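Below is one structure, written out as structure tokens; the observations come after it.
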């Protein structure tokens, strides 16, 4: 599982304005978190980093337990949701990548930001992936959907396709929108 956990992997960028976040958490690849920012020089940039797969996280958990002399019989959930483990994971977060966004890229971002989405009931399956979207403005709007998205959210499709291209995500089908309902 490649869940992208904000509490472990999110990052702070010094910019003029944060526009939106999109995290993709696939069942069979690494999770990824994107942030779109308007920079102080009025340019736009995309920032991203990867989460960890369960296989990569397990050694981190063992290292944390060893460093903190935690009994190996301790429930994993007690560790995974502790503030101290969150801090440890933040220190070991993957590096952040950066790309400049042009006017065509920003048209895709703006289409999502300006869409009049309604919150929909979260539908999911046992494999595939889901999207966590945050749009920043006077209020932060948050949306979550499975890889088969509501038809009303079709603006998401070209943006996800472009982000996959920019970040060179493989295998592509672990990140792209699978369809609409």
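Values computed for the structure shown
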| read-out | value |
| --- | --- |
| Enumerated strands (runs of 3 or more DSSP E) restricted to segment 72-173, each holding at least 1 residues that are surrounded by fewer than 16 Cβ atoms within 10 Å (Cβ to Cβ) and in contact with a helix residue (DSSP H, G or I) (Cβ under 8 Å, 6 or more places away or on another chain) | 97-101 |
| Flag if residue 48 is under 22 Å from residue 142 (Cα atoms) and more than 10 Å from the chain's Cα centre (by Cα) | no |
| Exclusive hit being within 20 Å of the chain's Cα centre (by Cα) and not assigned by TED's automatic domain parsing to the domain that holds residue 175, set 87, 105, 100 | 87 |
| Residue tally, condition farther than 20 Å from residue 109 by Cα and either not in a strand (DSSP E or B) or not assigned by TED's automatic domain parsing to the domain that holds residue 128 (or both), over segment 12-30 | 4 |
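The values are calculated or read from the model by the stated rules, or taken from the named source; none is laboratory data. Predicted, not measured: the structure shown is a model, and the values here were computed from it. So basically every Cβ, Gly included, is an ideal-geometry build from the backbone, and we count neighbours across all protein chains shown.
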